[in-house]
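Heads up: the structure comes next, in structure tokens.
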Amino acid sequence: MTDGIRRREVALRLFAHELSRSTHKIEPAGEREPAYVLTPTGAKVNRVFSVGVLLDKEEVRPDSNLWRLRVSDPTGVFTAFIGRYQPDALESVIEIEPPELIAIVGKVRVFEGLERNFVRVVPENINVVDRTTRDIWVCETARRTLERLKEFGKTEDSKLAMEIYNTDINEYLGIVKQALAAIVEEQIQEITEPPEEEEEEEFEGFEFEEEEWDLSDLLED
Amino acid sequence: MVKDEKIASLADSIVSRFRNAGVEVERSEIVKRLKLLIHEFKVPEGEAVRTITNWLMKEHEVSREQLVEKESALVKIGDINKAGEWVSLKARVVQLWDATSPNVSQVGLIGDETGIVKFVIWVKAGKGEVEEGKSYLFKNVVTDSFGGRLQVNVNRFSEIVEIDEEIQLPPKEIEVVGALVAIQQNSALIQRCSECRRVMTKGICPVHGKVKGYDDLRIKGVLDDGASIYEIILNQDNIKELTGIGLDEAVKIAHETLDRNAVLSELKKALLGRYLKVDGTKGERFLLVKHVEFIREADAKELLEELQEELQ
Ligand SMILES: [Zn+2]
């Protein structure tokens, strides 16, 4: 952005299957520029809007006010972290008892682990929503995903995504169909355990620094 | 008669144009020729004006430069109301279309805060290309009427200069469907200054200081459709329609909980993360809401059916 006024970043729509595989950071172009994460279909994401089931919430350490959430949509699970710099989300999450259908608006962050990177959503807002909202979100996310697949291989970002993730378009087409089928059958299962156990274990031993959370740009817009 | 009024105004503009260049011309003769060309021969207004102007220039030995330099006042697009006038405009290129004629170099829309008008840059004008989104001073362009609509023509006496100024566009009516992804802190039950209606913070008006205020209900929020964001303002009627909470209910909640912020919490619970369909007027920054409603189950079904058909 060159015009001085920084525009608020759009919240992209990504299925959990894609979001949880988005581990490639794109460094900000300048000091005041936003950070992005590249997704397998070639989206550059800074903020997401997601609707899914809050499977569980857990305070990372007692009285730390740092909460880990696991959220599922029909395609998979992603993890969110709420800390004291997200007071609105913190206030909401304390009142919500899983399992519950929620909408999350949040920043997408990639943290570097010992062996691999982790993607985490840092929620700005969380709210309990109804099934209709979930259905619309699934349709909207399917639509946006199909748009990205259509452009895949044509844009610079998607070429980079291909290099990094070796993206299989059919896999993502399948994900879109799977998500739509799930709402047709009115059967959103709370997917039990994601294929990410290793990652979770690794995370326990991974010290992330407190200032990682002092993401001042979270508070800016 | 409307027809004659039109002729009269065209004649006036020709007369005044020559007067500005220091030349008196015969008005009655101009009216006669205009009537002949426009009413009898059905020549387009702009063309008729041009023909008569050319004839007068020859008659009175006035050069085009003389004519052009004397006028072309800077006007707003909203003020353009007749063909055949030389004007200058500061405007932003809103849209470029594909030129359909080999004589046309560029065609599209330009706008300022008062309106939007079609423009044509003729190949013969030999002018540099304009770019969408950029603002320019269009100097000495001619208004014209084409198919009953006004437009401006850039000819070889015109000049196009890029300006380092963001020209604003007029507000426009739009419909947006998106998720409400944020509600600002200064929303819900607010107090306005009873003198200027500005929102007060802690009983203080930014202009009038500590004055008497009155309660109002509004939401400043962000609607996001996954491709763009819209800053929206919902007034108390919009909020009541969506949530059932009007000003009276809000005041009651504040009294019962002894906390004005309780209203904000209630409204956030009712609205955050929900999909809204909004009709309103889009200004430079805010989308002023005329009508708002939740997306319904039937809308979701329709979306789903469309997608499934596409994926067959
Ligand atoms: Zn005031």
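The values are calculated or read from the model by the stated rules, or taken from the named source; none is laboratory data. For clarity, every value in this text was computed on a predicted model and none was experimentally measured. Heads up, the Cβs are rebuilt from the backbone with ideal geometry, glycines too, and the neighbour counts pull from every protein chain shown.
If you go through the range A:26-68 and pick out every residue that is part of a strand (DSSP E or B) and within 14 Å of chain B (Cβ to nearest Cβ), you end up with 10.
For first residues located in the range B:205-221 and more than 30 Å from B:LEU272 (Cα to Cα), partners that are outside any strand (DSSP E or B) and within 15 Å of the ligand (Cβ to nearest atom) and lie 6+ apart or on another chain with Cβ distances below 7 Å form the pairs B:VAL207/B:CYS196; B:VAL207/B:ARG198; B:HIS208/B:GLU195; B:HIS208/B:CYS196; B:LYS210/B:GLY203; B:VAL211/B:SER194; B:VAL211/B:GLU195; B:LYS212/B:SER194. Restricted to the range B:156-176, and to residues there that are part of a strand (DSSP E or B) and either away from chain A (no Cβ under 14 Å) or at pLDDT below 90 (or both), the residue that is farthest from the ligand (Cβ to nearest atom) is B:GLU159. Looking across B:ALA188, B:ALA179, B:ALA250, one residue alone is touching an Asp or Glu at 6+ places or on another chain (Cβ under 6 Å), away from the ligand (no atom under 16 Å from the Cβ), under 25 Å from B:ASN261 (Cα atoms) and not assigned by TED's automatic domain parsing to the domain that holds B:GLU131. It is B:ALA179. Name the single residue that is nearest to the other protein chains (Cβ to nearest Cβ) among those in the range B:260-292 being acidic (Asp, Glu) and surrounded by 14 or more Cβ atoms within 10 Å (Cβ to Cβ). The extreme case among them is B:GLU266.
Among residues that are in contact (Cβ under 8 Å) with a residue 40 or more places away in the chain and farther than 29 Å from B:LYS268 by Cβ, A:THR133 is not included.
Tally up the residues in the range A:115-142 that are surrounded by 17 or more Cβ atoms within 10 Å (Cβ to Cβ) and either in a helix (DSSP H, G or I) or basic (Lys, Arg) (or both), please. Looking only at that region, the number is 12. I'd like the full set of residues that are assigned to a loop (DSSP other than H, G, I, E, B) and at pLDDT 90 or above, limited to the range A:1-25. The answer is A:ARG8, A:GLU9, A:VAL10, A:ARG13, A:LEU14, A:PHE15, A:SER20, A:ARG21, A:SER22, A:THR23. Name, by its number, the condition in (1) aromatic (Phe, Trp, Tyr); (2) at pLDDT 50 or above; (3) over 24 Å from A:VAL51 (Cα atoms); (4) touching a Phe, Trp or Tyr at 6+ places or on another chain (Cβ under 9 Å) that does not hold for A:PHE203. Single failed check for A:PHE203: (2). Being within 26 Å of A:GLU91 (Cα to Cα) and within 16 Å of the ligand (Cβ to nearest atom) is true of B:ASP216. The residue that is farthest from the other protein chains (Cβ to nearest Cβ), counting only those in the range B:196-210 that are more than 7 Å from the ligand (Cβ to nearest atom) and closer than 19 Å to B:ILE233 by Cα, is B:ARG197.
Return yes when B:ASP237 is more than 16 Å from the ligand (Cβ to nearest atom), farther than 21 Å from A:ASP88 by Cα and surrounded by 15 or more Cβ atoms within 10 Å (Cβ to Cβ) and no when it is not. No; evaluated as a whole, the condition is false for this residue. Mind checking whether some residue in the range B:132-150 is assigned to a loop (DSSP other than H, G, I, E, B) and surrounded by 12 or more Cβ atoms within 10 Å (Cβ to Cβ)? Checked the range B:132-150: at least one residue is assigned to a loop (DSSP other than H, G, I, E, B) and surrounded by 12 or more Cβ atoms within 10 Å (Cβ to Cβ).
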